[in-house]
Ligand code: FES
Ligand code: FES
């Protein structure tokens, strides 16, 4: 049976219909609402590519039932900043050229944002720990750590 | 068999409501495989094959090489922009479109710059000469008095200028690429050799970049393929009753052992695939994992490739007073791109168009045409960047899945592989087994070096059989690349050398190439065994390497890495006491013995109690000739180090007699942030030399440098990769 759900994405109210409340939030965001920033990597909460924030906390949208998002505030990579008004993490990732393919970048930035929300001057170790469950297959890790540090400095 | 509960008109009417269409450059929503009217040339010897000056003052570069996350799009922009004095922000690159781009060969083997980039450079140099010729007529100034600048030709006499688009905008050059057209003097370079920022990174950070996973067509359906329970199983029966009840279900597609479900949206396709009850015949055709190396050794040899034969190595070994021997092996690896393979295909009027992240769209076109039984001209493959790609992964197979289903359903179809599809069904880097023997004389000189590799046989082709063609029983060319034998031949000068690749009749899994294929595994054996010899004769491993090299550039990378790492000569294992012991090791490569030079020093810590190896730091000295973009180059080197450290320490495809059991990241762990090494790099730029590639060579030094460093730390040789804790502990128990 089709049911309607409402939540906000980046401050904007969105309404979607689904016949399966267990459908992962990822599919609602990508296929129904047209977002490209969060990526499908595993569907198993193992890699972090799909990370978005739900009410201030990073979640793996590939494994987060859309019904649980009802009434919540969702924040995506496009929502934290854009070319006109970039978030320091986005700027720092560009300045450090912290991507090879960049498929992991969404998860890295959204997970790092959660870290910086609670720790304003993380050490390398803090950053590596915070990102331990985000996978990068291209081996861009060192640049990503540097970018998060740089962002922390920019935000200080 | 095509099970289609609705007629075409129905599902045409029902699809589309939730479709989100993204527009992409070069990927129009209805892109015919054949174009009416004049078609742009894709000839490799025509300037128009590579370049177009547009009336709006921009320029388009057409290249068959594609950006796999390596940054070559930016590098090509620099190369073309430099040669033509064109501002980089006015250059657009079209990659890997079989209708529009020349076939410059697959994007493999670290030859994108040395081949692809140089073809672009020569086309651009030819174009520049032609533009000057045209301008000379327009301005009435002799060509020698003309210069190019900022997308214009300018008179040195009076400063008058005419922009390129006024000379040729939207028209063809209609000239052959002139191999002798003068290229710029590297001394005058403005953008080549500079750390130009990657053109794609900002969009990727805003979350606005369109990967192949984001490509949509109107009316597009979503499909998932249901894979055999055992890899060689036959499909016995299908019950899709439960799948049909899922809202959005459109069809079940079956052809022999190829089984897929099609639905109006992606989640419905996933649910439907899970709901289909398929029964498969039992099959246990895989070797026993525990006895893999016995299996490899027992596999019939169909061919022996002697890759180097100097003097009489066997005889010299027999008469040598002292001999050494060792066997090395490297496990089966998965590419494991972070984003599973994905493709969209459209079948229209007998033509198939496919949007894919394939690293070889031109090859893919041939394979898809063969599978579908249509002409090559009826297939168009268009590259859209995907998740980082390190070789022939599942991209081509996802494209074939989509092509087959699109033809069967007559609808545009998107196939997104699952993580399990990728981990289990992408082709694998084959197992590599290597035997080494050496003979030493009384004075510790190496008088004989023998290497024997046992690797799958293969042909001189860059392809792997399409999975869909295989499962569906459709026409396919069974030829594949097998394994690569370079780096078995050695760069060192010894009087008697014989290196042989024993080509095996079969290998457990569909083989393909993964970053530094064969060469990485072979260099592991070669450079680790050389280290054993250096130790046996009491020589410092860097000095020993230098002593046996003639190549100045090779010697220089070794000397420079020694400086970078502050290497202190050592002539034996340190065997320090304590639980966590530090050590350092070195390794060298001259890629395929003809190009890029890399030398490494690895610093490791070995935990004697847990068997854990921590790679603390890698020092790399790197010479790939002329550097196009030093920051892009460093990015590639760092990627090589981390990726290959992961493969060396952790990665191994697990399987039972029926199928692969490493189905996701839990079953196939890779290196994570807390364990990544620091990386120090010394780049040697040689602006007047040919530019060579850097996507692979550094990988070749990683496993031997780590193995040699572990020996330095604790006095045991690790000859079987991955270097798991169990293997380290077992080796420590033996000393
Ligand atoms: S796609 Fe969600 S964690 Fe991997
Ligand atoms: S940059 Fe490719 S996966 Fe991280």
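Nothing in this text is a laboratory measurement; each read-out follows from the coordinates by a stated rule. None of the values given here were measured: they were computed from a predicted structure. FYI the Cβ positions are ideal-geometry reconstructions off the backbone, even for glycines, and counts take in every protein chain you see.
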- Taking springs between alpha-carbon atoms closer than 10 angstrom, which of A:51, A:140, A:76 fluctuates most in the Gaussian network model of chain A? A:140
- Query: What's the angle, to the nearest 10 degrees (0 to 90), between helix A:141-155's Cα axis and the longest principal axis of chain A?
  - Reply: 90 degrees
- Task: Would you mind computing, in nm to one decimal, how far apart the modelled labels at residue B:229 and residue B:690 are, each placed 7 Å from Cα along Cα→Cβ?
- Result: 5.4 nm
- Message: Can you tell me what share of the DSSP beta bridges in the stretch B:570-720 is antiparallel? A percent to the nearest 5 is fine.
- Response: 75 percent
- Points 7 angstrom from Cα along the Cβ direction at residue B:194 and residue B:543: gap in nanometres? 4.6 nm
- Give me the distance between the Cα centres of the stretch B:469-488 and the stretch B:666-718, rounded to whole Å. 29 Å
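Can you say what percent of the DSSP beta bridges in the stretch A:3-79, counting only those with both residues inside, are antiparallel? Round to 5. Can you show the working numbers first?
Numbers: 14 of 16 bridges.
Just about 90 percent of them are antiparallel.
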- Task: Could you work out, residue by residue across A:28-34, how many beta carbons of other chains sit within 10 Å of that residue's beta carbon, and then give the average as an integer?
- Result: 4
- Other protein chain Cβ atoms within 10 Å, averaged over every residue that makes up B:634-645: 4
- Going fewest to most other Cβ atoms within 10 Å around each Cβ, B:535, A:141 line up as B:535, A:141
- Message: Can you give me the C-alpha center-to-center distance between the stretch B:264-336 and the stretch B:523-550, rounded to a whole angstrom?
- Response: 28 Å
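Determine, from the Cβ-Cβ distance of residue B:733 and residue A:67 and an R0 of 51 Å, the FRET efficiency 1/(1 + (r/R0)^6), rounded to the nearest 0.05.
Numbers: r = 54 Å, r/R0 = 1.06.
The calculated FRET efficiency here is 0.40.
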- Message: Taking the Cα centroid of the stretch A:79-156 and of the stretch B:614-661, what is the distance between the two, rounded to the nearest whole Å?
- Response: 21 Å
- Please give the contour-minus-distance gain from residue B:145 to residue B:245: 0.36 nm per residue of separation, less the Cα-Cα distance, rounded to one decimal in nm. 28.4 nm
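Want the number for residue B:310 to residue B:571: 0.36 nm per residue separation, take away the alpha-carbon distance, what's left? Please report the intermediate quantities before stating the final value.
Working: separation 261, 0.36 × 261 = 93.96 nm, distance 2.86 nm.
Additional length available on full extension: 91.1 nm.
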- Going by how many other Cβ atoms sit within 10 Å of their own, how do B:86, A:154, B:371 line up, fewest first? A:154, B:371, B:86
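By count of other Cβ within 10 Å, fewest leading, how are B:211, B:76, B:618 ordered?
Working: B:211 20, B:76 27, B:618 30.
Final ranking by Cβ density, sparse to dense: B:211, B:76, B:618.
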- Degrees, to the nearest 10: A:105-118 long Cα axis against longest axis of chain A: 80 degrees
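For chain B, give the share of DSSP beta bridges that are antiparallel, in percent and rounded to the nearest 5; count only bridges with both residues there. Don't jump to the answer; show the numbers that get you there.
Values: 90 of 121 bridges.
The antiparallel proportion sits near 75 percent.
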- Message: Apply the a/c threshold of 1.5 to the C-alpha gyration tensor of the stretch B:676-735 and tell me whether it is rounded, prolate or oblate.
- Response: prolate
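Classify chain B: rounded, prolate or oblate, from the alpha-carbon gyration tensor (a ≥ b ≥ c, eigenvalue square roots; a/c under 1.5 rounded; otherwise prolate if a/b is larger than b/c)? Please list the in-between numbers first.
Details: a/c = 2.06, a/b = 1.15, b/c = 1.79.
Here chain B falls in the oblate category.
Using a/c under 1.5 as the rounded threshold, could you call the stretch B:84-187 rounded, prolate or oblate? The axes a ≥ b ≥ c are square roots of the C-alpha gyration tensor eigenvalues, and prolate needs a/b larger than b/c, oblate otherwise.
prolate
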